[in-house]
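Only one structure is covered here, and it is reproduced in the block below.
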Amino acid sequence: MRTLHATDLHRAWEFMRLNARLIDRHRFALHFRDAPPEPLLAALAAYENPDGGYGHALEPDLRGEASQPVPAQHALDVLHQARADDHPAVDRIAGHLAAITAPDGGVPFVLPTVNDAPHAPWWQTPDDPPGAINPTASLAGMLHRARARHPWLDTATAFCWKHLENPGTDPGPYDVLATLTFLDHVPDRERAEAAFTRLRDTLTHHAASDHHGVLDFAPAPGGYGHRLFADDAVDNALDALIDAQHDDGGWDIDFLIWTPITRPEWRGFITVERLRTLRAYGRLKP
């Protein structure tokens, strides 16, 4: 079994110091340098808006100031990493999501305010967007993980179950990721297992793209994403992930860079994520 050595982890830290956003440097320090969570929480607060949502390029491909649903997803994940699932920001996020929920009970993929600010070309929406399983299922799953009590969670959970029981069109890879997050954390475990069993072949078939690999869907052992793949496929992906560390110490991304600043921002983000995955599978050498 191949492992990443301490010297490689140090190279990654130097890459982060040279290139990454402050919030991702604090994430790295929290996970791999025994730093306290408070600096990470302070960095996250700079992205929060008065409405309880998040903007300001917390999602690097949305450069605007206004709150959007996917940055709220990033914020919930940062709060969880900082062991702050009980932070007041969690309830503020849920309140913001309630305010932007579509009549069908889901949160839109992106709000029309995206048109008023620089954004990647794939962030498109009609003037009155419907709810979407991506990101509603991710947001609901993360709020369940945080043991949130906000009433919005009941609405979102009902939307997700309805979608999973009558999925309609085939899911894209981001829909698969959102679905896995929801199923991993929704409290009704019997219903989650039944849904996964029913949808497993469809999820497996669509758990791929030109910039998604096995470990994007199975970033840690134990979740439903890991059950989509054979053990040897995961092991081979972990070996390839170790090989993919660049000479500068970071990992790269495979999707379109539409404005220069997003490459170092995404590389800092993904470098932390890749290292978290290697640690989760026991591939970081002490």
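Please treat every number below as a calculation from the coordinates, not as lab data. On a predicted model such as this, the values are computed, not experimentally measured, just so you know. Neighbour counts run over all protein chains shown; Cβ positions are idealised from the backbone, glycine included.
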Answer check: the chain, Cα atoms, Kirkwood Rh, Rg/Rh ratio of 0.94
Expressed in angstrom and ordered largest first, the alpha-carbon extents of the stretch 1-46 along the principal axes are 39, 20, 14
Taking the chain and counting helices only, DSSP H stretches of n ≥ 4 at -39,500 (n - 2.57) each over all residues, the nearest-500 ellipticity at 222 nm comes to -17000 deg cm²/dmol
Expected unfolding gain across H10-H246 under the 0.36 nm per residue rule, minus the alpha-carbon gap, is 83.7 nm
One finds the C-alpha centres of the stretch 7-50 and the stretch 202-258 to be spaced, in Å, by 22 Å
For the stretch 145-286, the convex hull over Cα atoms projects on average to an area in nm² of 10.7 nm²
Dividing the mean separation of Cα pairs under 8 Å (6+ apart) by the residue count of the stretch 1-119 yields a relative contact order in percent of 21 percent
To the nearest 20 debye, the stretch 51-207 has a Cα-centred charge dipole, built from +1 on Lys and Arg Cβ and -1 on Asp and Glu Cβ, of 380 debye
Dividing the mean separation of Cα pairs under 8 Å (6+ apart) by the residue count of the stretch 51-207 yields a relative contact order in percent of 21 percent
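Can you tell me, using C-alpha contacts under 8 Å and at least 6 residues apart, the relative contact order of the chain as a whole percent?
22 percent
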Amide H proximity to Q68 below 5 Å, modelled H, separation 5+ or other chain, gives Y54
Long-range amide H partners of A132, meaning residues 5 or more apart or on another chain whose placed amide H is closer than 5 Å, are V107, F109
Share (percent) of C-alpha pair distances in the stretch 51-207 greater than 24 Å works out to 30 percent
Diffing the stretch 77-94: the Karplus 3J(HN,Hα) column from phi (6.51, -1.76, 1.60, θ = phi - 60°), in whole Hz with x for Gly and Pro, holds 5, 4, 4, 5, 4, 7, 6, 10, 4, 9, 5, x, 4, 4, 5, 5, 4, 4
Under 5 Å from the placed amide H of L4, counting only residues 5+ away or on other chains, we find L284, K285
